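What follows draws every value from the coordinates through simple rules; no lab data is involved. It should be emphasised that the depicted structure is a prediction, and the values quoted were computed from it without experimental measurement. Note that we place each Cβ from the backbone using ideal geometry, even for glycine, and neighbour counts take in every protein chain shown.
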Amino acid sequence: DAGITQSPRYKITETGRQVTLMCHQTWSHSYMFWYRQDLGHGLRLIYYSAAADITDKGEVPDGYVVSRSKTENFPLTLESATRSQTSVYFCASSHQSGEQFFGPGTRLTVL
Amino acid sequence: AQKVTQAQTEISVVEKEDVTLDCVYETRDTTYYLFWYKQPPSGELVFLIRRNSFDEQNEISGRYSWNFQKSTSSFNFTITASQVVDSAVYFCALGGGRTTNDYKLSFGAGTTVTVRA
């Protein structure tokens, strides 16, 4: 199906483990984004990418790593998960007119 | 820097009442885009509208309408004859400026709308 998907939808992990959240879009959008959403903080940009092999930091990049070897995929890795990274993570993509289309979100709990 | 302010944290109305959500923005760009998103209790983020800075025409889509006033840097959203299904968090966002040229969006903190039956 066309659109933007995220996997897993729910993830429970332990402090110190590496976790990768996947994001895949079928629109061939150039731009892709990762946000986290926490109560009291709204949506905060973690990383974004303008094209394959081009990534840049957003507002809260510490503790996260991204890659974009293919236009359609934009995985987000937590290298060593911490409790403060418990959050809902949203991936989004956009074309140049600017509106971003969001995936369904991944709810991550770090114990 | 770009900034979006949604001063109303929560709004509670009774069904069939109108509700207006305020959005004020700051930007140095002369060309930019404004957006509204809806996040219902199920959690997904739904794109509602995009408005270009050079187009100040108001827009109506069913029970939804948007009032863009460049002079006051505002892009307000009105739900007419609200329904329970309108209960959600609504986010205003700003982006697409030529200065940044990276298509990031700056989001407001969101307004939680509760429509009571």
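What the table shows:
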{"item": "Total residues in the stretch A:14-49, condition under 22 Å from A:Gln96 (Cβ atoms), within 14 Å of another protein chain (Cβ to nearest Cβ) and surrounded by fewer than 16 Cβ atoms within 10 Å (Cβ to Cβ)", "result": "1"}
{"item": "Hey, A:Ile54 of a type in the set (A, V, I, L, M), within 23 Å of B:Phe35 (Cα to Cα) and either within 14 Å of another protein chain (Cβ to nearest Cβ) or more than 12 Å from the chain's Cα centre (by Cα) (or both) or not", "result": "no"}
{"item": "Check on A:Ala50, within 11 Å of A:Cys23 (Cβ to Cβ) and assigned to a strand (DSSP E or B)", "result": "no"}
{"item": "Residue satisfying all of: in the stretch B:71-84; surrounded by 12 or more Cβ atoms within 10 Å (Cβ to Cβ) and out of contact with any Lys or Arg (no Cβ under 7 Å at 6 or more places or on another chain); farthest from the other protein chains (Cβ to nearest Cβ) among these", "result": "B:Gln83"}
{"item": "Test: residue in the stretch A:10-20 that is more than 15 Å from A:Leu108 (Cα to Cα) and of a type outside the set (A, V, I, L, M)", "result": "no"}
{"item": "Which listed residue, of A:Thr86, A:Thr71, is under 26 Å from B:Thr111 (Cα atoms), surrounded by 15 or more Cβ atoms within 10 Å (Cβ to Cβ) and more than 14 Å from chain B (Cβ to nearest Cβ)", "result": "A:Thr86"}
{"item": "Unique residue being under 23 Å from A:Phe102 (Cβ atoms) and touching a strand residue (DSSP E or B) at 6+ places or on another chain (Cβ under 9 Å) when the list is B:Ser87, B:Ser65, B:Ser82", "result": "B:Ser87"}
{"item": "Selection from the stretch B:17-68 of residues that are in contact with a Lys or Arg (Cβ under 7 Å, 6 or more places away or on another chain) and at the interface with chain A (Cβ under 9 Å from one of its Cβ atoms)", "result": "B:Tyr33, B:Phe35, B:Val46"}
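Condition check ((1) among the polar types (S, T, N, Q); (2) more than 14 Å from chain B (Cβ to nearest Cβ); (3) under 22 Å from B:Tyr33 (Cβ atoms)) across all residues:
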site: A:Pro75; (1), (2), (3): no, yes, no
site: A:Thr82; (1), (2), (3): yes, yes, no
site: A:Gln96; (1), (2), (3): yes, no, yes
site: A:Glu99; (1), (2), (3): no, no, yes
